[in-house]
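Asker: My questions all concern the structure below.
The values are calculated or read from the model by the stated rules, or taken from the named source; none is laboratory data. Everything numeric in this text was worked out from a predicted model, so none of it was measured. Cβ placement follows ideal geometry from the backbone for every residue including glycine, while neighbour counts extend to all protein chains displayed. Only protein heavy atoms, including side chains, enter the accessible area calculation; ligands, DNA and RNA are left aside. Shrake-Rupley method; radii C 1.70, N 1.55, O 1.52, S 1.80 Å.
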Amino acid sequence: MNKNELIAEIANRTGQTKKASSNALEIAIEAIMREVSQGNKVQIIGFGTFEPRDRKERKGRNPQTGKPITIEAKKVPAFKPGSEFKNMLN
């Protein structure tokens, strides 16, 4: 399922227009991204938790030259599925 298909599904289930459904989805995604980028968790009970995680500095290798390089530490977004979501898969 891609974004347009998700918007169509939301519109179909809610009876709203695709434009209204698209706006609602955009607002939800932007809110999640903003909160996680500010270092906060976003927990949606039954679905899962979005959170920032620290990735440590590590050694790597330049694929073109083969020389060793240091990959800097950084924050990355992470998603941990909730129990209800996990149960749907099994």
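Asker: Between Rg and the Kirkwood Rh of the stretch 21-90, both from Cα atoms, what is the Rg to Rh ratio?
Answerer: My calculation puts Rg/Rh at 1.17.
Asker: Which percent of the accessible area of the chain is formed by carbon and sulfur heavy atoms (probe 1.4 angstrom)?
Answerer: 53
Asker: Given a Förster distance of 30 angstrom, what is the FRET efficiency for A20 paired with R53, based on the Cβ-Cβ distance and rounded to 0.05?
Answerer: 0.35
Asker: Something else about it: First measure r as the distance between the Cβ atoms of K74 and I44, then evaluate 1/(1 + (r/R0)^6) with R0 = 30 Å and state the FRET efficiency to the nearest 0.05.
Answerer: After rounding, the FRET efficiency stands at 0.75.
Asker: Nearest 20 debye, what's the magnitude of the dipole of the stretch 40-83 about its Cα centre given +1 on Lys and Arg Cβ and -1 on Asp and Glu Cβ?
Answerer: Here the size comes out at about 200 debye.
Asker: If you don't mind, there's one more thing I want to ask. Which loop-located GluC sites (Glu not before Pro) does the stretch 25-90 contain, where loop means any DSSP state but H, G, I, E or B and the Cβ has at most 10 other Cβ atoms within 10 Å?
Answerer: For GluC sites (Glu not before Pro) across the stretch 25-90 that sit outside H, G, I, E and B with at most 10 neighbouring Cβ atoms in 10 Å, the list reads E57, E72.
Asker: Also: Given the -39500 (n - 2.57) contribution per DSSP H run of 4+ residues, what per-residue ellipticity at 222 nm results for the chain, rounded to the nearest 500 deg cm²/dmol?
Answerer: Value at 222 nm, helices only: -13500 deg cm²/dmol.
Asker: Within the chain, how many lysine pairs that are 8 or more places apart, or on different chains, have C-alpha atoms less than 27 Å apart?
Answerer: Close lysine pairs under the 27 Å cut-off: 21.
Asker: Residues of the chain: accessible area per residue at 1.4 Å, in Å²?
Answerer: Result: 84 Å² of accessible area for each residue.
Asker: Right, another one. Against the longest alpha carbon principal axis of the chain, how many degrees, from 0 to 90 and to the nearest 10, is the axis of helix 3-14 turned?
Answerer: Tilt relative to the chain: about 30 degrees.
Asker: Take the alpha carbon atoms of the stretch 20-42, find their center, do the same for the stretch 1-18, and report the distance between the two centers in whole angstrom.
Answerer: First find each Cα centre; the distance between them is then 17 Å.
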